[in-house]
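Participant: To start, I am sharing the structure in question, which I have written as structure tokens.
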2 protein chains.
Amino acid sequence: MITRSSKLGHICFVGAGPGDPELLTLRAADRLRTADLILRDILVPDELIAATGARAQVVNVGRLCGGEETQEARLARIHAWLIEGYREGRRIVRLKSGDPFIFGRAVEELQRLIEADIPFECVPGITAGIAAANLAQIPLTERYTSPSVLFCTGQTAGGGTDRIEAWASLLRGGTTLVLYMGLKALAHIAPRLQSAVPADEIHVSAISQVSAPGQLVVHAPLSRVEATLSERPLPLPVVFILGLHAQPLAERLAQPLAPCANHE
Amino acid sequence: MITRSSKLGHICFVGAGPGDPELLTLRAADRLRTADLILRDILVPDELIAATGARAQVVNVGRLCGGEETQEARLARIHAWLIEGYREGRRIVRLKSGDPFIFGRAVEELQRLIEADIPFECVPGITAGIAAANLAQIPLTERYTSPSVLFCTGQTAGGGTDRIEAWASLLRGGTTLVLYMGLKALAHIAPRLQSAVPADEIHVSAISQVSAPGQLVVHAPLSRVEATLSERPLPLPVVFILGLHAQPLAERLAQPLAPCANHE
């Protein structure tokens, strides 16, 4: 027999950050510690949940690689856990890698809650690109020379010639590009970008397994990035940072002045 | 007489997040708690430092509004604190609003440390745009319809017609724009953007004092944003989110279907 609480529950969408438990926010750590039920993505490491002292039931709601579950069936499963748990008075954390609103697809999961008039809380997380920038010491913006930063995905990269031209225009203007899930995509876009930008001046840093003990950083000018990565294959996931200054600061400052250095 | 420690110190550039102490990362909170010296920006609230239990000496190194200190003098003052503190064996936190590498100008402060071969650590922070998205429940990306997100500043907005065209092109393609320090800039760019995009379909959310108890969210279509903001002036700082879906989810779902909803 299930005893239903007369009290309604609490639903919280939490950004887990890039993986290192120390990069959780204090609020995220609190919500995990006090949860009864945690619905986790595949990319979130078990150690992160354990490090918070969580005593909750943990359910993997990520789609398993090679699994047969459709996206719709998966969403229905998540909604059932959220809505039933809420009605049973449970404190539920929907734990998403990085940040819920940056490539986290939170909207699809939140839509039914809004339709059912069920309240929820959202807790931001450190997104992998920003963690990578800090841990590898690669600036994403700089006064005068890098006025803005675009976050995009490998999936986005499939968008044809228009998108490549837009990206090339941003890169030429100094905007930094942060590319998620882009290892395969880079093989397609690097040759096309190379013909549209000064490919020796645009740097590419690849950061593998951001914030994990095995984090690796490889960097090369865009003109040589494919050769460099084929010599040194990187474990997934990999985040790419592309731009006029997209190399670790210490290496950049050890080199002859870059073409833009006179603006600084 | 100053007793110099034989041990060298530790320098850590820390992202403070948007202001709410609960949005510090666990690592940031630890570095603040164990610091001997905290060099803080003006935008970081005193309560945030106090909430970590920090016992450090706290020095404001931000440029005071209306102050006469030049940017060079200010940088020299920061470098002196960092380098002397390091040689005295102190644990120093350079506390920056948001994230050090997103509009944080960390590079200028780090350059001299690298030249002097002084090691440092960087701890990412929740940048105001991502906090605003979560706290106001406004998605920054969405599968199919919002493939990427650009972070830019009002300063950037001065960049002439080319930049407006690039932004308009991104907005038309579904990219979300997050505009920092843009209240004045919006008055310049809104009319110019309006003539380059379908201004009734592009939404603008203004989030004032992100994560503070006084946080306010106002939203309107781009075509009406100036009128809306003149009716309801917002306290600074304000972050703007612009895009096809840049409105709080609950309001969006309460309305008739937007033109893009059939893709979802």
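The values are calculated or read from the model by the stated rules, or taken from the named source; none is laboratory data. Quick caveat: nothing in here was measured; it's all calculated off a predicted structure. Neighbour counts run over all protein chains shown; Cβ positions are idealised from the backbone, glycine included.
Participant: Out of B:Ile92, B:Ile118, B:Ile102, B:Ile164, I need the residue that is surrounded by fewer than 21 Cβ atoms within 10 Å (Cβ to Cβ), outside the structural domain of B:Leu236 (by TED's automatic domain parsing), of a type outside the set (Gly, Ala, Ser) and at negative phi. Which one?
Facilitator: From the options B:Ile92, B:Ile118, B:Ile102, B:Ile164, the qualifying one is B:Ile118.
Participant: Oh, and also: Exactly one of (1) out of contact with any helix residue (DSSP H, G or I) (no Cβ under 8 Å at 6 or more places or on another chain); (2) farther than 22 Å from A:Ala131 by Cβ is unmet by A:Ile164. Its number?
Facilitator: For A:Ile164, the failing item is (1).
Participant: Being closer than 19 Å to A:Pro18 by Cα and facing chain A (nearest Cβ under 7 Å) is the filter here; which residues of segment B:103-138 pass it?
Facilitator: If the condition is that a residue be closer than 19 Å to A:Pro18 by Cα and facing chain A (nearest Cβ under 7 Å), then B:Cys122, B:Val123, B:Pro124, B:Ile126, B:Thr127, B:Ile130, B:Ala131, B:Ala133, B:Asn134 are the ones that fit.
Participant: Please verify whether A:Arg172 is facing chain B (nearest Cβ under 8 Å), on the phi < 0 side of the Ramachandran plot and surrounded by fewer than 23 Cβ atoms within 10 Å (Cβ to Cβ), treating the condition exactly as stated.
Facilitator: no
Participant: A:Gln111 versus (1) more than 18 Å from B:Asn134 (Cα to Cα); (2) at pLDDT below 95: which is the lone unmet condition?
Facilitator: Every condition holds for A:Gln111 apart from (1).
Participant: Can you pull out the residues in segment B:102-150 that are touching a strand residue (DSSP E or B) at 6+ places or on another chain (Cβ under 9 Å) and among the basic types (Lys, Arg)?
Facilitator: B:Arg105
Participant: Answer yes or no as to whether A:Glu68 is more than 18 Å from A:Phe103 (Cβ to Cβ) and at pLDDT below 90.
Facilitator: yes
Participant: Considering only residues of segment A:43-59 that are without any contact (Cβ under 8 Å) to a residue 24 or more places away in the chain and surrounded by 13 or more Cβ atoms within 10 Å (Cβ to Cβ), which is nearest to A:Pro124 (Cα to Cα)?
Facilitator: A:Ala54
Participant: Within segment A:111-154, which residues are part of a loop (DSSP other than H, G, I, E, B) and of a type in the set (Val, Ile, Thr)?
Facilitator: A:Ile118, A:Ile126, A:Thr127, A:Ile138, A:Thr141, A:Thr145
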